[in-house]
Amino acid sequence: MRLSEEEKDFIAGKQGPGARRAMEILVALGKVFHADRMVAVSSAQIAGVSYRNIGDAGLDFLSDWAGMGATARIPAFMNPAGIDRVLWREMCIPAHFADRQCAIIHQLERMGVQDTLTCTPYHIGHTPEPNQHIAWSESSAVSYANSVLGARTNREGGPSALAAAITGRVPECGLHLDENRRATHHIIVKCAIETPADYSALGYHIGKIVGAGVPFFEGLKIDANSWKSQTCFKALGAAMAASGAVALYHIDGITPEAVHNRKDILSDMKESHTVSDIDDIRKALSKSGGKLDLVALGCPHVSLDELKNIAGLIGDDRLKTPLWITTSKQIRHEADAAGITTHIKNAGGLIIADTCMVVAPLDQIGYHNIAVDSAKAACYLPSHQGAHVYWGSTEQCIDAARRGQWIS
Ligand code: F3S
């Protein structure tokens, strides 16, 4: 790789041993992916925060790196952890787990990483500009940043995103380059796709078809200016990143590159698929009715508008099954001020910050039968938590919480 003088200084240890380690990681990755050089990035989103995922080995790794004096030189923020730092006792999370989790967050804070603890940083002001290079690592956030915001990021691993935060660089490869942002699959949608659940089901289906490709959707009618469109974009991208490895998609006439570079991004499409009906996809995701331990919404983390909508769906009813709605602490503060937190709590639900149903230790808490409205959560909960999952629309999930059981 061709390195700038500044980048060579990192390797020489002039910014300290922690920064040298960061640049060494990035150079090694650059060689693997045949990058010619580094590119400057303006923000980093760091995954691999949950104690459930990284354990004591991960905590030791972060402590060691922080001890070398490494600090972020660009805005850097954390993906969800394994606990809500305020409500972890109410969530019945073991004290040892909470203690270890706080230690991980502390080590990242020592390195200048902000404790946002969310996979939707764009809901709390971390919104990159179109064409801006960034280093984000949570798959749904990566998809949203690339596809909806028009920024440029690969799906970084936790250590490489942290290395990017410390150096302000990533190897120039993958989705940082125009040629890799072209569509590979033409998806022609001929049925009505309207609700977030529809987008979630469509994404689940298309992710399986295209794998790590770049789908170009034709036939989706979505009002990009409504808050519901954000929810639909999130649901589509999160599902495709979970059932496949999609990090970028285009929607004809709507997403930035499908509006401004349409001709360029269409030049490489090799495959075409038509979607005429999503009923079978819904059935594949849904399970027959049964016992319910938890209804978990907020994958990806919800916006304030989504919280208002959920509160409206609950109305004045009491819920029979525990309900978690996951988001960032900033959005919860806004919900507190709007009276939404109290409304949901009075019904028997909790707005949970800092964590989510996939990275919290649900199995240790004793939740095994879980209803979700996210195809991503439906993909991951069985493999990550050994859970039995029911998937349906947000309305179906609230209805199930009200009844205390899932009815298919
Ligand atoms: Fe976010 Fe957790 Fe889902 S990190 S996308 S809420 S699995």
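Tabulated data for the structure shown
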{"quantity": "Where a residue in the range 359-383 is within 22 Å of K320 (Cβ to Cβ) and not assigned by TED's automatic domain parsing to the domain that holds H205 and its partner, wherever it lies, is of a type in the set (A, V, I, L, M, F, W, C) and open to solvent by 40 Å² or more (accessible area, probe 1.4 Å), with Cβ under 8 Å and at least six apart", "calculated": "I365/C92; G366/C92"}
{"quantity": "Counted residues, the range 200-230 - those being of a type outside the set (K, R) and open to solvent by 20 Å² or more (accessible area, probe 1.4 Å)", "calculated": "14"}
{"quantity": "Filter result for the condition that a residue is open to solvent by less than 10 Å² (accessible area, probe 1.4 Å) and not basic (K, R), over A235, A241, A245", "calculated": "A241"}
{"quantity": "Those residues of the range 112-137 which are more than 14 Å from the ligand (Cβ to nearest atom) and surrounded by fewer than 24 Cβ atoms within 10 Å (Cβ to Cβ), in sequence order", "calculated": "G112, Q114, D115, G125, H126, T127, P128, E129, P130, N131, Q132, H133"}
{"quantity": "The range 147-159, subset within 15 Å of the ligand (Cβ to nearest atom) and either touching a helix residue (DSSP H, G or I) at 6+ places or on another chain (Cβ under 8 Å) or not assigned by TED's automatic domain parsing to the domain that holds N79 (or both), residue most open to solvent (accessible area, probe 1.4 Å)", "calculated": "R155"}
{"quantity": "Whichever residue in the range 339-360 is within 16 Å of the ligand (Cβ to nearest atom) and not in a loop (DSSP other than H, G, I, E, B) and, among such residues, is nearest to the chain's Cα centre (by Cα)", "calculated": "A353"}
{"quantity": "Conditions (1) under 23 Å from Y122 (Cα atoms); (2) open to solvent by 30 Å² or more (accessible area, probe 1.4 Å); (3) in contact with a Lys or Arg (Cβ under 8 Å, 6 or more places away or on another chain): number failed by E257", "calculated": "(2)"}
{"quantity": "Residue within the range 377-390 that is away from the ligand (no atom under 16 Å from the Cβ) and farther than 18 Å from M91 by Cα present", "calculated": "yes"}
{"quantity": "Single unsatisfied condition, A12 versus (1) open to solvent by 20 Å² or more (accessible area, probe 1.4 Å); (2) under 32 Å from the mean Cα position of the chain (by Cα)", "calculated": "(2)"}
{"quantity": "Entirely in the range 1-79, the helices (runs of 4 or more DSSP H) that have 2 or more residues that are closer than 28 Å to P130 by Cβ and charged (D, E, K, R)", "calculated": "5-11"}
{"quantity": "Any hit, the range 75-88, residues being out of contact with any helix residue (DSSP H, G or I) (no Cβ under 9 Å at 6 or more places or on another chain) and open to solvent by 50 Å² or more (accessible area, probe 1.4 Å)", "calculated": "no"}
{"quantity": "Condition met for L319 (within 20 Å of F97 (Cα to Cα) and not β-branched (V, I, T))", "calculated": "no"}
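Residue-by-condition table, conditions (1) open to solvent by less than 10 Å² (accessible area, probe 1.4 Å); (2) away from the ligand (no atom under 16 Å from the Cβ); (3) closer than 24 Å to H185 by Cα:
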position: S267; (1), (2), (3): no, yes, yes
position: D280; (1), (2), (3): no, yes, yes
position: S286; (1), (2), (3): no, yes, no
position: K291; (1), (2), (3): no, yes, no
position: L307; (1), (2), (3): yes, no, no
position: L313; (1), (2), (3): no, yes, no
position: R318; (1), (2), (3): no, yes, no
position: I331; (1), (2), (3): yes, no, no
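The values are calculated or read from the model by the stated rules, or taken from the named source; none is laboratory data. Given the structure is predicted, the values throughout are model-derived calculations rather than measurements. Ideal geometry is used to build each Cβ from the backbone, glycine not excepted, and the neighbour counts take in all protein chains shown. SASA here: full protein model, heavy atoms, side chains in, ligands and nucleic acids out. Shrake-Rupley method; radii C 1.70, N 1.55, O 1.52, S 1.80 Å.
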